[in-house]
Amino acid sequence: EQARATASVYQIGMDELHLRQIRITSRLQLALHKGGFELNYQPKVDSSAGDCKQVEALLRWRDAEMGQMFPDEFIPLAEHSGDILLITDWVIQEVIRQQLIWLGKGRYITVSINLSAHDLLSKTLVDRLLGQLAHAGLESHCLHFEITESATISDPVAAIAQLERLRDAGFRLSMDDFGTGYSSLSQLKLIPVQEVKIDKSFILKLDEQETDQRLVRSIIDMGHNLGLSIVAEGVENEASSRLLTAWGCEYLQGYWYSKPLPPEALEIWLDDFENKRSGVLS
Ligand code: C2E
Ligand code: MG
Ligand code: MG
Ligand code: MG
């Protein structure tokens, strides 16, 4: 009896979740056709130079009925429905549009784009990407791509071949969320990335947690031994940023510097950051 009661509560919960997922999936298609996506950009600070020339593009979606939606919820659903390929296309197109605006203002900003498992298996991704860049007159070094190790799991051979194509076309590749899931240093031998992003779960409380400090130091050292540069995401306070800088972590990203921002707000942030820096230097 007890078990059955629990089962039915569980059932109701699952049905609601399932309905929400169906609704999100169909609203996503509407957003793809009618608009509703935006990109925010989060600074990635160079710890030794103290400057910022790189940002990560993070997708935002405000739906008229469902309100503000976050990618951790809707990206997995778009992966499931296959709409992720169209979303990635939109993101790439939008980043290129933004790059042209920034170039017109004399700003050289490299943008990192997140790719999903489906993107790594898409036969046409690299050609479309190169076509879009050529059309805009941009070169491949203005874009970086971030992938997670889990995105390579379903078909590692095809995923690695795609990553090699991207690398050979001149795109810099990062292993995102490193340290979570199945990702391990031995995978870095197989997966052709030039950079590792340490997952924020190791960084958020870095200043307080000695175990995190030990783990992060060893990821940085081993990454460096493999010739990779290291990014820390989720840097939320000055103490953590100092530790990471002292340990040679090349790039710092997190709320301590800035949350992801709409493009105009990012420009203001970049100017402020540059002014403070030249103020310190002079
Ligand atoms: P991610 O690529 O690992 O991005 C980092 C996430 O950490 C972002 O969440 C960012 O807002 C958040 N973050 C950055 N600094 C801090 C910090 O100091 N503290 C805390 N607590 N969080 C911080 P967001 O924007 O919600 O994105 C979540 C995930 O959704 C991303 O994780 C990425 O996997 C995925 N995603 C976002 N945009 C796209 C996209 O355009 N395409 C694809 N395929 N995935 C995307
Ligand atoms: Mg990322
Ligand atoms: Mg990450
Ligand atoms: Mg993530």
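The values are calculated or read from the model by the stated rules, or taken from the named source; none is laboratory data. The structure presented is a predicted model; accordingly, all values stated were derived computationally and were not measured. We place every Cβ from the backbone using ideal geometry, glycine too, and count neighbours over all the protein chains shown. Side chains included, ligands, DNA and RNA excluded: accessible areas come from the protein's heavy atoms. Shrake-Rupley method; radii C 1.70, N 1.55, O 1.52, S 1.80 Å.
Scanning the stretch 101-134 for residues that are part of a helix (DSSP H, G or I), closer than 30 Å to Asp51 by Cα and not aliphatic (A, V, I, L, M), we see that the one that is least open to solvent (accessible area, probe 1.4 Å) is Trp102. All conditions in (1) in contact with a helix residue (DSSP H, G or I) (Cβ under 8 Å, 6 or more places away or on another chain); (2) within 16 Å of Ser112 (Cα to Cα); (3) open to solvent by less than 60 Å² (accessible area, probe 1.4 Å) hold for Glu146, with the sole exception of (1). Total residues in the stretch 204-258 satisfying the condition of being among the hydroxyl-bearing types (Ser, Thr, Tyr), open to solvent by less than 80 Å² (accessible area, probe 1.4 Å) and either within 13 Å of ligand 1 (Cβ to nearest atom) or under 17 Å from the mean Cα position of the chain (by Cα) (or both): the figure is 6. Of all residues in the stretch 50-68, those being part of a strand (DSSP E or B) and crowded, with 19+ Cβ neighbours inside 10 Å number 7. Residue-level check: of (1) surrounded by 12 or more Cβ atoms within 10 Å (Cβ to Cβ); (2) under 17 Å from Ala169 (Cβ atoms), His141 misses just (1). Here Lys197 meets the list (1) modelled with pLDDT under 95; (2) within 16 Å of ligand 2 (Cβ to nearest atom); (3) of a type in the set (Lys, Arg) almost entirely, failing just condition (1).
Close contacts from the stretch 50-67, counting a first residue that is in contact (Cβ under 8 Å) with a residue 12 or more places away in the chain and within 19 Å of Arg20 (Cβ to Cβ) and a second that is charged (D, E, K, R) and surrounded by 14 or more Cβ atoms within 10 Å (Cβ to Cβ), with Cβ to Cβ under 7 Å and a gap of 6+ residues or different chains, come to Asp63/Arg27; Glu65/Arg27; Met66/Arg27.
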